[in-house]
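Contents: one structure, followed by commentary.
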Amino acid sequence: MSTHPRHRRYAHHTMRFSILLAIAAGGVFVAWAFFASVPAVDTIENRIVGESTKIYDRTGEVLLYDVHGTMRRTEIPLENISPYIRNATVAIEDATFYQHQGFRPLSFLRAVLVNLRLIPGIVGQGGSTITQQVVKNTLLTQDKTLIRKAKEIVLAIKLENIATKDEILTIYLNETSYGGTIYGVEEATQYFFGKPARDVSIAEAAYIAALPQAPTRYSPYGNRRDELEGRKNLVLSRMRDLGYISEEEYTTASAEKVEFRPQSDSGIKAPHFVFYILEYLEGKYGADLVAQGGLKVITSLDWELQLKAEEIVNRRALENEKNFNAENAGLVAVDPKTGQILVMVGSRGYFDEAIDGKVNIALAKRQPGSSFKPFVYATAFEKGYTPETVVFDVPTQFSTACPVSDILNSNPPCYSPGNYDDSFKGPMKLRDALAQSQNIPAVKTLYLAGIPESIETARDMGISTLEDAGRYGLTLVLGGGEVTLLDITGAYGVFANDGIRNANTGVLSVEDSKGHVLESYEKREIRALDPQIARLVNDVLSDNNARTPAFGANSPLHFPGFDVAAKTGTTNDYRDVWIVGYTPSIAVGAWGGNNDNTPLERRVASFVIAPLWNEFMTLAIENYSADEFTPPAPDPEYTSLPAVLRGEWNTNPSLGLHDILYWVNKDNPRNGSPNFSDAQFSYWEYAVSAWANGLGSGTSTPQNLQFRITSPNPAAQLPFTAPFDASVSFDPLIGIRSVTYYLNGEFVGISAQPPYIIAVQPRIPGIQSLRAVADTLLGPIEHTTTFNVQ
């Protein structure tokens, strides 16, 4: 610090000037406070609610929602407002309303300290009384400044001197926003319950009082109904503690099941997306500013693409309801290079009450099935495994609490998963296993990669819903955790963007009523994945040859001439079907199922949801150029890697057949020595030995057991217009549980009763391939035949 006399004199004069300036400013404010007047009560009551917030698409030209566009407000006297609503509001908003003089110094100080993080562990608070909120909403601007706050306090005190408590409470209950265009308790009770404000029950009053703090977040029509329930219960407990209701009334109201009326269309476009944006804005700027601050919000939504997506989702979901018992669907599209949300369709119809359409499936937590697998395989690649690494797809017991020989038992605590088609392929490269979505190789890959490591990869890429690793077992790779459609679509976008993550965002800019920019989009890139790992995953998920054995050469996942990577997912109980795919320019995810969790017909995602996704993706590629993926670089260590990492699984027959743990160290596959005491070693080895002894090396059908398709026979010439019966012959000793039939690679049906006959309707003429897979006591056994349809 300088000690020069000139510097000390300068600092002294500067301090004196600052003190004089502060005294002068304080004097001006005191003078204003002394002479400031408050309008008459009736004038306040008739003041128009502040400027309307408007939400636009990414062009700034299409108005998606005007908060005041169809504003609804009915003013009523206090005697027409139920005492339950009055007391509930006071209990949750301002418990000392009838005691203070417009301002609570201690509450205000506490709110300041919390918001400055001087009181740790508590989220930011507001310290405004009901009187202050009336002043703020009717007499002042929505600016968040110290001067405005000081004016609010002064005017609140003055208002208390000219108005009764009942008059102030009446203004508040007639002016407050209860969500969207609903202002005042009369409109709120009519809108939500179809009854006037004087006739509500205690529970209904508690719901009404719960809303103003965050009307969009707590909306009974949104995804956070559990949070609304929690806040309603808080209101009831406050009412009980303050003596407004008895213990008996509290118990009755807590248990009451309140029915909300169907939400009506209020001129809103892309409603799921709009309410997603509103909740974000309320969380950042507060409900008051959003409701009355005149904000201009430019979102990331591509309205033309959104319109097409809404039509496709609606039409395809209605078809799926008829064909697969899957009545709902959702779709999200994200720009991987920016994280900007281009499309969000949260259901087949927002106002469709038959399917609970207001729930935004894009934000709902659901099990992702096999669509989670790429995060696990990416983790394995990071650890040193390669797409050519071989593991055995054979019946395997993975639970160390069960005998190694119990390879077909999946009853807890045992765990022996099957594959979607009830078949086993023997030795498989990870490339083929991921592309064809085989489950047993995926479980083995998760064990090799590590559960905590795989969760960390998913989180780094944007999956926000996974809990501690200890909660999950090896089922994680088959969708044992829960994700949201928005999260997983954005996370796949990291693969598309060469391993760089841009967090999902729906807002490009926000301006206040004076044109001041409150926020604007800025790219904030984070390296979430090594680019070589992202390129390896892209190479596998866009490899149509690798997926063809499971999906066919011309499946909905294939776009001739374009680089498109994709992965499907079906939950084990057939309650959810997923597909997420991407180019370097756009990532698109789609979900199908039922909001009430009832299962679908036993069909996988490629049948149910992939056609919907394909139709939209075809349009998206036209609008967002489908650049080519950067290919992965050659592995400089490849020639020196263990043979099993290079795709060789039986290079030394004299050593016998072994799974990967015999050849490499799980945690150091490139250079470590095998660990024969690994917990899974004996389980995997037994499974390979059992497969080799039962099936013979490299074959897919037992040599000593009889199971074959008897109808149709290879020489058959069947008519295209009529279905035919498919049947099999078999040795009763193999103990068949069921037979599953596939025609040209597509699932046809399952027969669980002897003689296991099923009717099959050809879809196209020409040479047909029929495959029958028997689920037996000895494991799956299959047979394939070909015939001609004229």
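The values are calculated or read from the model by the stated rules, or taken from the named source; none is laboratory data. Everything numeric in this text was worked out from a predicted model, so none of it was measured. Positions of Cβ are backbone-derived with ideal geometry, glycine not excepted, and every protein chain shown enters the neighbour counts. Just so you know, the surface numbers come from the protein's heavy atoms only, side chains and all, with ligands and any DNA or RNA stripped out. Shrake-Rupley method; radii C 1.70, N 1.55, O 1.52, S 1.80 Å.
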When the range 338-354 is checked residue by residue, the ones that are closer than 19 Å to residue 57 by Cβ and not in a strand (DSSP E or B) are 338, 339, 346, 350
Counting only residues in the range 414-427 that are under 32 Å from the mean Cα position of the chain (by Cα) and within 22 Å of residue 666 (Cα to Cα), the one surrounded by the fewest Cβ atoms within 10 Å (Cβ to Cβ) is identified as 417
Could you please give the count of residues in the range 164-174 that are open to solvent by less than 10 Å² (accessible area, probe 1.4 Å) and touching a residue at least 40 places away in the same chain (Cβ under 8 Å)? 5
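Those residues that are part of a helix (DSSP H, G or I) and under 13 Å from the mean Cα position of the chain (by Cα), I need them from the range 466-491; list them, please.
485, 486, 487, 488, 489, 490, 491
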Exactly one of (1) assigned to a loop (DSSP other than H, G, I, E, B); (2) open to solvent by 50 Å² or more (accessible area, probe 1.4 Å) is unmet by residue 682. Its number? (1)
Would you tally the residues in the range 619-634 being farther than 24 Å from residue 534 by Cβ and either over 32 Å from the mean Cα position of the chain (by Cα) or touching a residue at least 40 places away in the same chain (Cβ under 8 Å) (or both)? 1
Exactly one condition in (1) in contact with a Leu (Cβ under 8 Å, 6 or more places away or on another chain); (2) buried (at least 17 other Cβ atoms within 10 Å of the Cβ) is false for residue 224; which is it? (1)
Residue satisfying all of: in the range 559-613; of a type in the set (Ser, Thr, Tyr) and in contact with a helix residue (DSSP H, G or I) (Cβ under 7 Å, 6 or more places away or on another chain); farthest from residue 741 (Cα to Cα) among these: 583
Scanning the range 384-413 residue by residue, those open to solvent by 10 Å² or more (accessible area, probe 1.4 Å) and of a type in the set (Asp, Glu) turn out to be 388, 406
Select, from 212, 220, the only residue that is in a loop (DSSP other than H, G, I, E, B) and touching a residue at least 60 places away in the same chain (Cβ under 8 Å). 212
Any residue in the range 655-666 that is in a loop (DSSP other than H, G, I, E, B), among the aliphatic types (A, V, I, L, M), touching a residue at least 24 places away in the same chain (Cβ under 8 Å) and farther than 23 Å from residue 440 by Cβ? no
Which residue out of 427, 403, 441, 417 is part of a strand (DSSP E or B) and not hydroxyl-bearing (Ser, Thr, Tyr)? 427
Only one of (1) hydroxyl-bearing (Ser, Thr, Tyr); (2) in contact with an Asp or Glu (Cβ under 6 Å, 6 or more places away or on another chain); (3) closer than 21 Å to residue 556 by Cβ is not met by residue 379, so which one is it? (3)
Being touching a residue at least 24 places away in the same chain (Cβ under 8 Å) and more than 21 Å from residue 92 (Cα to Cα) narrows 261, 198 down to just 261
So residue 463, is it in a loop (DSSP other than H, G, I, E, B), at pLDDT 95 or above and within 18 Å of residue 587 (Cβ to Cβ): yes
Can you pull out every residue in the range 154-208 that is in contact with a strand residue (DSSP E or B) (Cβ under 6 Å, 6 or more places away or on another chain) and part of a helix (DSSP H, G or I)? 187, 188, 191
Selection from the range 485-506 of residues closer than 22 Å to residue 274 by Cα, surrounded by fewer than 24 Cβ atoms within 10 Å (Cβ to Cβ) and hydrophobic (A, V, I, L, M, F, W, C) yields 503
Working carefully through the options 637, 648, find the one that is among the charged types (D, E, K, R), touching a Lys or Arg at 6+ places or on another chain (Cβ under 8 Å) and touching a residue at least 12 places away in the same chain (Cβ under 8 Å). 637
Just checking, which of 469, 442, 449, 435 is without any contact (Cβ under 8 Å) to a residue 60 or more places away in the chain and not basic (Lys, Arg)? 469
Considering only residues that are touching a Pro at 6+ places or on another chain (Cβ under 9 Å) and open to solvent by less than 10 Å² (accessible area, probe 1.4 Å), look in the range 474-484 and name the one that is nearest to residue 362 (Cα to Cα). 483
Restricting attention to strands (runs of 3 or more DSSP E) lying wholly within the range 507-611, give those where 2 or more residues are open to solvent by 30 Å² or more (accessible area, probe 1.4 Å) and β-branched (Val, Ile, Thr). none
Here are 719, 754, 723: which of them is surrounded by fewer than 17 Cβ atoms within 10 Å (Cβ to Cβ) and modelled with pLDDT under 80? 754
With criteria (1) touching a residue at least 60 places away in the same chain (Cβ under 8 Å); (2) on the phi < 0 side of the Ramachandran plot; (3) surrounded by 20 or more Cβ atoms within 10 Å (Cβ to Cβ), residue 207 comes up short on (1)
Which of the residues belonging to the range 536-554 are within 28 Å of the chain's Cα centre (by Cα) and of a type outside the set (Ser, Thr, Tyr)? 536, 537, 538, 539, 540, 541, 543, 544, 547, 550, 551
Per the filter on the range 73-104, residues open to solvent by 60 Å² or more (accessible area, probe 1.4 Å), more than 14 Å from residue 198 (Cα to Cα) and within 38 Å of the chain's Cα centre (by Cα) are 73
In the range 287-339, residues that are more than 25 Å from residue 592 (Cβ to Cβ), open to solvent by 10 Å² or more (accessible area, probe 1.4 Å) and of a type in the set (S, T, N, Q) total 2
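Every residue in the range 612-648 that is touching a Leu at 6+ places or on another chain (Cβ under 9 Å) and either outside any helix (DSSP H, G or I) or surrounded by 14 or more Cβ atoms within 10 Å (Cβ to Cβ) (or both), please.
Within the range 612-648, 612, 613, 614, 616, 619, 620, 623, 624, 632, 635 qualify.
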